[in-house]
2 protein chains.
Amino acid sequence: MPDSRYLIGLIQMSPEADPKANLATAVDRVREAAGEGARLIVLPELFRTRYFCQREDPACFDLAEPVSGATTTALGRVARELEVAVIAPIFERRAPGVYHNSVAVIDASGEVAGLYRKMHIPDDPAYYEKYYFTPGDLGFEAVRTIVGSVGTLICWDQWYPEAARLAALRGASVLVYPTAVGWHPHEKEAHGKAQLDAWRTIQRAHAIANGVFVAAANRVGFEECAGGGIEFWGSSFIADPFGVILAEAAADKEQTIYAEIDPERIEEVRRNWPFLRDRRVDAYGGITERFLF
Amino acid sequence: MPDSRYLIGLIQMSPEADPKANLATAVDRVREAAGEGARLIVLPELFRTRYFCQREDPACFDLAEPVSGATTTALGRVARELEVAVIAPIFERRAPGVYHNSVAVIDASGEVAGLYRKMHIPDDPAYYEKYYFTPGDLGFEAVRTIVGSVGTLICWDQWYPEAARLAALRGASVLVYPTAVGWHPHEKEAHGKAQLDAWRTIQRAHAIANGVFVAAANRVGFEECAGGGIEFWGSSFIADPFGVILAEAAADKEQTIYAEIDPERIEEVRRNWPFLRDRRVDAYGGITERFLF
């Protein structure tokens with residue numbers, strides 16, 4: 001039996017320097033989104049902090065916390081109170097020297113129902129994530145919550161059709177992507193439009209290929225750093241299972257956007273465009289190779 | 001050492017009832033495209049015939065031919081004469097009862113350098129391809145030609161990121177998709193725009209995910225059939241390795257479109273957005289499963 005319809009809320013925010021203040025803001029905005037009727041609420045990647053990966057600094061590891069830490073405690077409390085599920089990104093301290101860029105799926109019970117550790121770790125100028133984050137070791141999963149099955153992925157995972165496919169094959173009805181992506185100021189004029197468009201396009205394509213909803217919650221605003229800084233491009237959005245944009249945030253301000261996740265729409269799209277029926281699973285083995293040439 | 005730059009030409013055509021006339025038209029248009037400087041020229045799926053898959057009729061198997069048949073002979077001759085590579089779709093008769101929806105890659109020598117048999121076979125109202133075509137058994141390949149390495153895929157393959165990925169991992173610099181896709185007249189008003197947009201979006205996403213050029217050559221025009229007919233939507237296009245549309249044909253007329261395939265652009269895009277670097281090949285094994293739930 002399909003799940004019921006529900007409202008998803010994506011919180012687009014501009015984290016400030018103080019992690020405690022960001023957590024308080026997140027709790028307020030979860031409360032606000034729940035007030036609007038959202039039952040699944042998504043926060044952006046690493047929302048507790050500025051995007052510290054703009055530089056490599058061992059002191060930044062102090063910003064990490066265990067899964068059972070302040071973030072999941074505070075958000076678990078509000079999730080239970082409001083009976084909502086919350087996608088809570090954390091900078092996870094797993095052991096000394098083992099840190100992950102993670103997402104805790106907090107269900108309406110207030111408990112952590114699932115944990116995802118970012119599998120694809122970028123490392124590009126001003127996105128020095130390979131310095132901070134051990135690649136995830138929990139694979140691509142979907143987590144059963146009060147609203148249905150949610151596939152959790154994070155930012156750079158957005159560029160990998162394999163990740164979306166595997167989370168969808170696990171039964172997810174929505175893929176959520178907490179994100180921190182933006183423009184290098186010196187590139188924006190020449191490449192900014194194409195970059196944002198590529199980012200939106202590939203995620204819409206994940207929706208289409210898999211017949212699932214896709215929701216990306218990005219941070220927004222300029223974060224300074226010696227040598228440049230990043231202008232996070234906001235533009236959080238929700239696409240339906242045929243890639244149609246249902247809601248989209250501005251590129252330059254904090255905002256919460258909402259859309260209805262309707263399992264009947266998944267049924268309809270997959271029935272009319274039955275891509276999953278015809279997958280050539282006998283012929284995809286090469287996908288596990290690095291390159292075939 | 002990267003290949004050289006070259007011009008690709010996509011022939012968007014409206015096949016008529018007579019297969020001989022269609023072949024003559026194709027030869028003329030290949031000649032014309034070569035005259036414009038194209039070195040790789042792509043014809044639409046099953047261009048020798050009307051889209052007979054609108055109905056299930058055993059007599060239509062008479063339209064099939066072996067790989068070494070009239071189509072590759074005529075196109076091989078013109079390819080050799082003009083020193084161009086031609087992507088030549090054929091309705092392949094392999095053995096009694098074994099037919100494929102195939103593409104012969106004819107190199108500038110005039111010889112068939114590679115054969116691709118459509119791997120993903122659709123079957124939907126008015127696209128009864130499972131009746132006619134045995135699923136391909138040659139996998140996803142790239143074929144070395146005078147202009148470089150070409151990944152050949154066909155129509156319904158467009159909806160499968162796995163197919164694009166595997167052809168790209170084989171070293172293709174361009175993925176070509178001979179196509180026959182259109183609107184059901186009764187659906188066009190309600191769904192037509194979203195269908196065309198999804199089709200374009202997912203192929204642009206293959207370009208982005210893999211850092212390759214993507215080229216789709218569609219048929220165009222209305223083909224009648226008892227009970228409805230299909231309005232083929234044309235809109236053939238070429239996208240660069242970041243998904244930017246370089247050229248796009250009209251939705252309602254025959255046309256040949258051109259764009260430059262520049263291996264330096266692949267280098268640039270993959271260097272700045274190094275998605276292939278970070279693939280989690282250790283974690284993609286589930287891709288060969290039908291479903292994981």
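The values are calculated or read from the model by the stated rules, or taken from the named source; none is laboratory data. Everything numeric in this text was worked out from a predicted model, so none of it was measured. Note: ideal-geometry Cβ built from the backbone for every residue, glycine included; neighbour counts use all protein chains shown. Side chains included, ligands, DNA and RNA excluded: accessible areas come from the protein's heavy atoms. Shrake-Rupley method; radii C 1.70, N 1.55, O 1.52, S 1.80 Å.
Provide an ascending nm list, one decimal, of label-point separations from B:Asp18 to the equivalent residue in each further copy; define each label point as 7 Å from Cα along Cα→Cβ.
B:Asp18 label point versus its equivalents elsewhere: 8.3 nm.
Need one value: the accessible area of A:Ser109 in square angstrom, 1.4 angstrom probe, rounded to the nearest 10.
My reading of the accessible area for A:Ser109 is about 60 Å².
Would you jot down the residues in region B:177-211 that end up with at least 20 Å² less accessible area in the complete protein assembly than in the chain alone, with a 1.4 Å probe?
B:Ala194, B:Gln195, B:Asp197, B:Ala198, B:Thr201, B:Ile202, B:Arg204, B:Ala205, B:Ile208, B:Ala209
Over chain B, what is the percentage of antiparallel beta bridges among all DSSP beta bridges, to the nearest 5?
The answer is about 70 percent antiparallel.
With a cut-off of 8 Å between alpha carbons and a minimum separation of six or more residues, what is the relative contact order of chain A in percent?
About 19 percent, as a whole number.
Which distances, shortest first and in nm, link B:Lys188 to the matching position in the other copies, using label points set 7 Å out along Cα to C-beta?
4.3
Restricting to lysines 8 or more places apart or on different chains, can you count the pairs in region A:6-273 with Cα atoms under 22 Å from each other?
4
Quick one: accessible area per residue over the protein assembly as shown, 1.4 Å probe, rounded to a whole number of Å²?
36 Å²
Protein chains only, probe 1.4 Å: how do A:Glu224, A:Glu189, B:Glu267, A:Glu162 rank by accessible area, largest first?
Order by accessible area, largest first: A:Glu189, A:Glu224, B:Glu267, A:Glu162.
Determine the calculated [θ] at 222 nm for chain B from helices alone, applying -39500 (n - 2.57) to every DSSP H run no shorter than 4 residues and normalising by the residue count; nearest 500 deg cm²/dmol.
About -8500 deg cm²/dmol.
If you project the alpha carbons of the protein assembly as shown onto their three principal axes, what span does each projection cover, largest first, in Å?
In descending order, the Cα extents are 75, 52, 36 Å.
Work out which residues of region B:262-280 lose at minimum 50 square angstrom of accessible surface when the other protein chains are put back, relative to the chain isolated, with a 1.4 angstrom probe, and list them by number.
B:Trp273, B:Phe275, B:Arg277, B:Asp278, B:Arg279, B:Arg280
Given a 1.4 Å probe and the protein chains all in place, what does the accessible area of A:Glu56 round to, in Å² to the nearest 10?
About 100 Å², ignoring ligands and nucleic acids.
Can you work out the FRET efficiency for the pair B:Val98 and B:His186, with r the C-beta to C-beta distance and R0 = 35 Å, to the nearest 0.05?
FRET efficiency, B:Val98 to B:His186: 0.50.
At 1.4 Å probe size, with no ligands or nucleic acids counted, give the accessible surface of A:Thr71 in Å², nearest ten.
Accessible area, nearest 10 Å²: 0 Å².
As a test of reading the structure, rank B:His120, B:His191 by solvent-accessible area (1.4 Å probe, protein chains only), most first.
Output order, biggest surface exposure first: B:His191, B:His120.
To check you understand DSSP bridge types, tell me what percent of the beta bridges within region A:4-160 (both residues inside) are antiparallel, rounded to 5.
Around 70 percent of the beta bridges assigned by DSSP in region A:4-160 are antiparallel ones.
May I have the pair-distance distribution P(r) for region B:220-293, computed from all Cα-Cα distances with 10 Å bins from 0 and rounded to whole percent?
Taking every Cα pair in region B:220-293, the percentages come to 15, 23, 22, 28, 12, 0.
Under the rule a/c < 1.5 gives rounded, and otherwise a/b versus b/c splits prolate from oblate, where does region A:150-231 land using the Cα gyration tensor?
Note, shape of region A:150-231 comes out prolate.
Note the distances from A:Arg290 to each other copy's matching label point, with points 7 Å along the Cα-to-beta-carbon direction, in nm, sorted shortest first.
3.5
What is the distance, in nm, between label points placed 7 Å from the Cα along the Cα-to-Cβ direction at A:Asp18 and at B:Phe222?
Using points 7 Å along Cα→Cβ, the separation is 6.8 nm.
Give the interface area between chains B and A as buried accessible surface, both sides summed, probe 1.4 Å, in Å² to the nearest 100.
Protein heavy atoms only, the B-A interface buries about 5500 Å².
For a test of the definition: using alpha carbon positions, the gyration tensor, and the 1.5 limit on a/c, classify region A:1-150 as rounded, prolate or oblate.
In terms of gyration-tensor shape, prolate.
At 0.36 nm per residue, minus the direct Cα-Cα distance, what do B:Ala70 and B:Glu111 gain on full extension? Give it in nm, one decimal, please.
Additional length available on full extension: 13.4 nm.
Taking the Cβ-Cβ separation of B:Asp28 and A:Phe291 as r and a Förster radius of 45 Å, what is the calculated FRET efficiency to the nearest 0.05?
So the FRET efficiency works out to roughly 0.70.
Could you tell me what a quarter of the Cα convex hull surface of region A:6-273 works out to, in nm² with one decimal place?
In nm², the orientation-averaged hull projection of region A:6-273 is 12.5.
Could you tell me the calculated FRET efficiency between B:Ala59 and A:Val281, based on Cβ-Cβ distance and R0 = 51 angstrom, to the nearest 0.05?
E(calc), rounded to 0.05, equals 0.90.
By DSSP, what percent of the beta bridges with both residues in the protein assembly as shown are antiparallel, rounded to the nearest 5?
70 percent
Measure out, as a whole number of angstrom, how far apart the alpha-carbon centroids of region A:71-135 and region B:15-93 sit.
54 Å
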